[in-house]
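The block underneath contains the structure these notes are about, expressed in structure tokens.
The values are calculated or read from the model by the stated rules, or taken from the named source; none is laboratory data. Just so it is clear, the model here is predicted, and its values are computed rather than measured. Here Cβ is always computed from backbone atoms with ideal geometry, including for glycine, and neighbour counts include all displayed protein chains. Note: accessible area is taken over every heavy atom of the protein model, side chains too, but ligands, DNA and RNA are not part of it. Shrake-Rupley method; radii C 1.70, N 1.55, O 1.52, S 1.80 Å.
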Amino acid sequence: AGIHSFATRVVRFAGRRHVLMRTLRAASSSTAQVVRASEAGLLAQAPPGELEGKDALARGSVVHHEGRRYVCAFSVDRYWFAAPVGSTRKLVHWLGRADSNVGANHIDAAEASIACLKRPTPTQQDRLPLAECMPTGILAVDTLAPVGKGQSMLVCGPHGTGKSTLAREVLEQALTLQAVDQALRFRLDPCAPLIGPPLQCADAFAELVVAPEAAQQAPAMLLAPMFAAVDAAEAARDSGKHVLLVLDTIAPLLDAWNLALRWAEDALGQPLDDEVAAAQRRGCFASLLERAACLVGKDNCGTRGGSLTLVILAETETMAAVSSPSGMKRASGASGQIIHALGDFADRKETERLRLQRLVERGVLLTDASLAAVGIAPPSHGGSRGSRAEAAAMRELQSLSDGQIVLDAAAAAASEFPALVPGATFSRFGLGSANNTSQQAKQQHRDVRPPALQAVAAHLRTQLALEQESRFRPDKRQVEAAVDVDIVQSVRMRAVRAALLQPPRAPMQSAEMAAVLLVACGGALDALPEEQAVQALRGGAESALLQHLRTAASRTLQRIEDEQQVSMESARELEVALRLFVELQRASAAAV
């Protein structure tokens with residue numbers, strides 16, 4: 001079921017602790033006892049004996065304090081954290097037509113945030129199974145982590161890894177192909193890449209922009225404006241439209257949670273129970289991510305209603321441990337972090353030692369950063385609570401999202417785009433309504449990618465992840481003794497990695513993606529020197545190979561697009577075009 005307002009407590013039964021969540025009503029306004037307050041928010045609790053009465057607090061309750069209004073967003077132990085809404089007009093403003101689908105009633109971000117927090121997330125009965133893909137035009141994303149309409153996608157990575165650029169690409173492709181009726185963006189970063197001017201003027205696009213002076217304040221102050229953007233998207237979704245919402249940061253929610261947890265523990269005089277904190281943190285995050293949905297039509301007869309696709313950017317260092325081993329070593333060497341040995345963990349549980357052993361086998365250095373990413377405390381000082389809390393929050397977000405794109409700092413520093421990590425990048429398919437019969441579930445396709453792309457890229461993510469592991473690659477020093485098939489596989493996976501790299505604003509169609517991957521995986525360019533083949537594949541819509549196919553095999557590409565499969569006839573025509581391409585490349589190299 002959807003995530004509603006709840007209170008949480010821990011009870012003991014049969015010697016074990018159990019977390020209970022109890023649904024609360026969404027009050028319109030409430031008196032409350034304020035425990036702690038600042039410009040970033042306040043911590044409040046209901047008056048004694050009013051946990052369930054008219055003065056009970058719930059998500060969406062409005063609390064008045066010292067002439068200002070606050071709206072309750074989530075609970076921490078017995079308390080509620082409320083975000084300020086009184087000064088919202090000074091913090092953000094809409095860019096876009098006031099009479100567009102956003103609606104004039106959503107220009108007031110304060111009232112919109114209250115309305116959003118009062119509104120429950122869709123229940124499982126309200127949702128329909130996935131049926132359509134949200135094309136991004138980015139080969140690596142559409143192949144390894146396709147986004148379905150009604151899904152949530154988390155894009156995480158350190159600063160400067162291309163998160164905002166990737167989100168801009170998704171927005172522009174959705175608007176260009178008219179894949180959605182409305183595209184919205186909550187923009188905190190003033191330096192975030194802008195949408196192209198023609199698309200900025202389109203009625204289908206609007207963005208809620210944070211004022212530059214507000215961007216320098218505590219992120220928690222922007223929690224209400226962020227939910228105002230969500231409210232605009234939900235209003236369009238509930239009217240039957242397909243909506244894409246990009247949140248260029250998750251920092252307001254994370255900062256508000258950390259602030260509320262710190263205040264609650266100060267008020268209690270002791271750390272919050274781990275199980276209570278974990279359950280309430282999950283409810284806090286779910287109140288945002290579970291708003292992504294593809295809804296049943298209003299006639300409730302199985303027809304499709306509106307949808308909300310959510311793309312959230314998260315700046316974090318905690319995913320460094322799943323990046324390339326070489327990148328991890330460079331980062332560790334540059335920052336001078338202490339590298340721990342396996343012997344330092346001799347007193348740990350066997351399961352924990354096995355996890356550490358696997359990290360070492362993968363070539364990951366056991367630094368404080370990599371240990372925090374997997375939730376293991378360093379041996380010397382027990383680990384920084386802040387780093388472990390960040391790692392736990394990111395794992396919670398990843399478990400709630402329908403997919404994740406993990407970006408690597410080392411690849412981004414080498415000017416690779418998109419700089420994603422294949423082994424950690426994926427999406428989940430097939431979440432649908434609970435009233436589906438088993439026969440309907442069998443008929444429902446779990447993969448939203450076009451069939452032609454599914455066939456070519458079926459096991460590509462696993463193969464790329466294995467190729468990244470040094471122990472699965474042939475040793476270059478013993479190449480003559482290596483199995484020929486392993487060498488060929490490595491060469492072709494390097495070709496695939498090259499094909500996955502494309503500059504911004506070079507989108508590809510699904511048929512073009514299928515053709516390029518078929519060439520890279522099938523070894524059609526094996527006759528060329530590897531470096532020449534890599535250069536021919538790299539570049540997305542601007543790659544030399546695709547430029548040739550658009551000229552020499554345009555009808556073939558169109559047939560693949562129309563038929564949504566690579567037939568024998570199409571494969572033969574591609575082979576002829578590729579032979580011509582190889583000969584042209586050889587002639588060009590010889591002329592030089």
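How far, in nm, would the chain grow between K349 and E542 when pulled straight, counting 0.36 nm per residue and subtracting the alpha carbon separation?
64.3 nm
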* Return the sequence-ordered ³J(HN,Hα) values of the range 553-562 in whole Hz as given by the Karplus equation 6.51 cos²θ - 1.76 cosθ + 1.60 applied to θ = phi - 60°, using x for Gly and Pro. => 9, 5, 5, 5, 4, 5, 5, 5, 5, 6
* At a 1.4 Å probe, what is the % contribution of carbon and sulfur to the accessible area of the range 153-210? -> 57 percent
* To do: Mind listing the long-range amide H neighbours of A131? Cut-off is under 5 Å, sequence gap 5 or more, other chains count too, H placed in the peptide plane at 1.01 Å from N.
  => K149
* How do K149, K118 stack up against each other in accessible area, from largest to smallest, with a 1.4 angstrom probe? -> K118, K149
* Per residue, in Å², the accessible surface of the range 503-551 once ligands and nucleic acids are set aside, probe 1.4 Å -> 38 Å²
* Structure fact -> FRET efficiency (E530, R555; Cβ distance; R0 35 Å; to 0.05) is 0.70
* So who's got an amide H within less than 5 Å of the one on A37, skipping anything under 5 residues away but keeping other chains? H placed 1.01 Å off N, in plane. -> L43
* List the aspartates and glutamates whose Cα lies under 13 Å from the Cα of K149, skipping any in the same chain that are fewer than 8 positions away. => E132, D181, D402, D447
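Hey, can you rank 555-561, 579-585, 110-116 by average C-beta count inside 10 Å, highest first?
Numbers: 555-561: 18.0, 579-585: 15.6, 110-116: 23.0.
Per-residue Cβ counts within 10 Å, averaged per peptide and sorted highest first, yield 110-116, 555-561, 579-585.
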* To the nearest 10 square angstrom, what accessible area does S554 show with a 1.4 Å probe? -> 60 Å²
* Asked: Gain in length, V576 to A267, computed as 0.36 nm per residue apart minus the alpha-carbon separation, to one decimal in nm?
  -> 103.8 nm
* Asked: Where only protein heavy atoms count, and the probe is 1.4 Å, what is the accessible area per residue for the range 125-258 in Å²?
  -> 27 Å²
* Under the Kirkwood approximation for Rh and a Cα-based Rg, what ratio Rg/Rh is obtained for the range 159-222? -> 1.00
* Carbon and sulfur atoms: what percent of the 1.4 Å accessible area of the range 225-281 do they account for? -> 44 percent
* Consider just the alpha-carbon atoms of the range 111-232 and return their Rg together with their Dmax, both in angstrom. => 15.6, 43
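Sorted by packing (mean other beta-carbon atoms within 10 Å per residue), highest first, where do 354-360, 160-166, 120-126, 250-256 land?
250-256, 160-166, 120-126, 354-360
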* **Per-peptide average of other Cβ atoms within 10 Å, ordering 194-200, 517-523, 229-235 highest first** => 229-235, 517-523, 194-200
* Using a 1.4 Å probe and ignoring any ligands, DNA or RNA, find the accessible area of H64 and quote it in Å² to the nearest 10. => 120 Å²
* **Exposure ranking of L464, L95 by accessible area [1.4 Å probe, largest first]** => L95, L464
* Structure fact -> Debye calc, one equal point scatterer per Cα of the range 165-291, no solvent, log10 I(q)/I(0) at q = 0.09 1/Å comes to -0.33
* To do: Set the Förster distance to 41 Å, then compute FRET efficiency between R304 and R586 from the Cβ-Cβ distance, nearest 0.05.
  => 0.20
